[in-house]
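Please read the structure below before turning to the comments.
The values are calculated or read from the model by the stated rules, or taken from the named source; none is laboratory data. Note that this is a predicted model, so its numbers are computed, not measured. Note: ideal-geometry Cβ built from the backbone for every residue, glycine included; neighbour counts use all protein chains shown.
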Amino acid sequence: MDISVIVPTFNRREMVKRTVDTLFQQNYPSASYEVIVVVDGSEDGTAEAIRGLRPCCRFRVIEQANRGLAGARNAGARVAEADLLLFLDDDMLCVPELVEAHVAAHRDAPRTIGFGCIFLSPESPPSLAAECFNREIGAFYLSQKHSPSGAGQEEIECVFGNSSLSRDLLIEAGWFDESFRMREDLELGVRLFKNRARPCYVDRAVAYQYYQKTSADLIRDAEAFAVADVMFARKHPEAGSRGQLSSLGRTPRWKRTVRRIAAVSPAAADLVLAPVCRLGEAFFHVPVIRNMGVRALQMRRRIHWFHKVLALGMKQPDTDTV
């Protein structure tokens with residue numbers, strides 16, 4: 001077995017079926033890879049549905065009580081047969097050469113972390129949330145595709161939505177920290193790079209994310225990310241250049257002041273910005289209005305994120321204690 005593909009999932013029955021189906025259509029020898037789906041406390045019949053699929057390779061379904069992405073990834077890694085592990089999110093539609101590309105990236109490179117690229121699936125319903133994804137995550141991977149040197153990879157957030165590494169490297173780093181419900185991959189990345197793991201951009205390992213989140217989902221995620229960012233900063237105070245909190249110290253003082261004032265009452269900011277978001281959704285086909293909506297949504301996310309950071313009593317870089 002050359003590689004074990006681990007797909008955690010939670011209450012996304014139809015989506016994970018599509019993801020797994022693309023893994024059954026890989027142009028890699030079927031006897032040389034396995035797919036492990038970890039059903040992390042789903043209550044929508046996911047396990048029964050995917051057990052009914054017709055695999056072309058070894059295929060296992062693991063069920064457990066909900067432990068979050070970190071716990072699900074650890075569970076899959078512990079039962080994997082291969083020394084090489086590939087972690088995929090459950091909404092990734094994979095190109096046929098994805099598995100082969102990840103395997104090739106690790107030949108004669110035992111301390112490599114292979115980062116495949118993630119782009120927005122054209123099948124995703126159009127929305128401001130999907131547009132934010134396209135301009136943020138998608139834009140990053142597009143820039144890497146044009147300049148795939150791998151330089152600076154460890155300075156960004158490690159994303160394990162389409163990434164591979166050896167089991168030995170994961171064990172050496174101490175597995176995913178299951179106390180993190182968000183940023184678990186960023187946190188593991190810090191420990192991996194401390195152990196001199198080497199990033200490698202795998203440009204042929206393309207996964208298209210089917211994005212269904214709404215603007216409201218992104219606002220809720222922003223607050224959850226804030227909790228994880230504070231946890232990260234407290235666990236790794238030496239990692240000052242990584243994580244969302246580090247960006248506060250790099251913005252102009254006047255902008256930090258305005259953001260702090262707005263963060264005192266995110267509900268008041270929403271009164272102004274939420275109507276712009278609704279307008280952007282309603283007239284998504286009009287570029288100018290769509291751009292206004294995206295900017296308003298990005299501002300709302302930052303304000304809600306910062307409000308939660310302040311509520312948790314974190315210090316701002318280069319400022320007094322909040």
Condition first: outside any loop (DSSP other than H, G, I, E, B), without any contact (Cβ under 8 Å) to a residue 60 or more places away in the chain, touching a Pro at 6+ places or on another chain (Cβ under 9 Å) and at negative phi. Can you find one or more residues in the stretch 206-224 that meet it? no
Please enumerate the residues belonging to the stretch 94-145 that are more than 18 Å from the chain's Cα centre (by Cα) and hydroxyl-bearing (Ser, Thr, Tyr). 112, 127
Among (1) under 23 Å from residue 210 (Cβ atoms); (2) over 20 Å from the mean Cα position of the chain (by Cα); (3) at pLDDT 95 or above, there is one condition residue 9 misses while meeting the rest; what is its number? (2)
May I ask you to list pairs of residues, at least six apart or on different chains, whose Cβ atoms are under 7 Å apart, with the first in the stretch 187-202 being in the same structural domain as residue 119 (by TED's automatic domain parsing) and among the β-branched types (Val, Ile, Thr) and the second being in a strand (DSSP E or B) and crowded, with 20+ Cβ neighbours inside 10 Å? 202/114; 202/115; 202/116
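For (1) β-branched (Val, Ile, Thr); (2) loosely packed, with under 14 Cβ neighbours inside 10 Å; (3) over 25 Å from the mean Cα position of the chain (by Cα); (4) not in a helix (DSSP H, G or I), each residue gets a yes or a no:
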residue: 15; (1), (2), (3), (4): no, no, no, no
residue: 18; (1), (2), (3), (4): no, no, no, no
residue: 22; (1), (2), (3), (4): yes, no, no, no
residue: 26; (1), (2), (3), (4): no, no, no, yes
residue: 48; (1), (2), (3), (4): no, yes, yes, no
residue: 54; (1), (2), (3), (4): no, yes, yes, yes
residue: 66; (1), (2), (3), (4): no, yes, no, yes
Could you tell me whether any residue of the stretch 285-294 is crowded, with 19+ Cβ neighbours inside 10 Å, modelled with pLDDT under 90 and either closer than 17 Å to residue 136 by Cβ or assigned by TED's automatic domain parsing to the domain that holds residue 135 (or both)? no
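For (1) out of contact with any Lys or Arg (no Cβ under 8 Å at 6 or more places or on another chain); (2) of a type in the set (S, T, N, Q); (3) not in a helix (DSSP H, G or I), each residue gets a yes or a no:
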| residue | (1), (2), (3) |
| --- | --- |
| 93 | no, no, yes |
| 125 | yes, no, yes |
| 129 | no, no, no |
| 140 | yes, no, no |
| 143 | yes, yes, no |
Scanning the stretch 52-76 for residues that are over 18 Å from residue 20 (Cβ atoms) and either without any contact (Cβ under 8 Å) to a residue 24 or more places away in the chain or among the small types (Gly, Ala, Ser) (or both) gives 65, 68, 70, 71
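Which members of the stretch 155-184 meet the condition of being of a type in the set (D, E, K, R) and in contact (Cβ under 8 Å) with a residue 60 or more places away in the chain?
155, 157, 167, 168, 177, 178, 181, 183, 184
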Subset of the stretch 196-209 (residues that are out of contact with any strand residue (DSSP E or B) (no Cβ under 6 Å at 6 or more places or on another chain) and either of a type in the set (Asp, Glu) or more than 23 Å from residue 173 (Cβ to Cβ) (or both)): 203, 204
All but one of (1) at pLDDT 90 or above; (2) over 23 Å from residue 93 (Cα atoms) hold for residue 201; state the number of the condition that does not hold. (2)
Since residue 146 meets every condition but one in (1) modelled with pLDDT of 90 or more; (2) surrounded by fewer than 14 Cβ atoms within 10 Å (Cβ to Cβ); (3) of a type outside the set (Phe, Trp, Tyr); (4) under 22 Å from residue 104 (Cβ atoms), which condition does it not meet? (1)
Return yes when residue 278 is within 25 Å of the chain's Cα centre (by Cα) and either closer than 24 Å to residue 189 by Cα or at pLDDT 95 or above (or both) and no when it is not. no
Taking residue 31 as meeting all but one of (1) within 25 Å of residue 96 (Cβ to Cβ); (2) surrounded by 14 or more Cβ atoms within 10 Å (Cβ to Cβ); (3) among the aliphatic types (A, V, I, L, M), write down the number of the exception. (2)
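Just to be sure, is residue 82 assigned to a loop (DSSP other than H, G, I, E, B) and surrounded by 15 or more Cβ atoms within 10 Å (Cβ to Cβ)?
Judged against the criteria, residue 82 is a match.
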For the stretch 157-188, enumerate the residues that are in a helix (DSSP H, G or I) and under 13 Å from residue 111 (Cα atoms). 167, 168, 169, 170, 171, 172, 173
Within the stretch 104-123, residues in contact with a helix residue (DSSP H, G or I) (Cβ under 8 Å, 6 or more places away or on another chain) and not in a loop (DSSP other than H, G, I, E, B) come out as 112, 113, 114, 115, 116, 117, 118, 119, 120
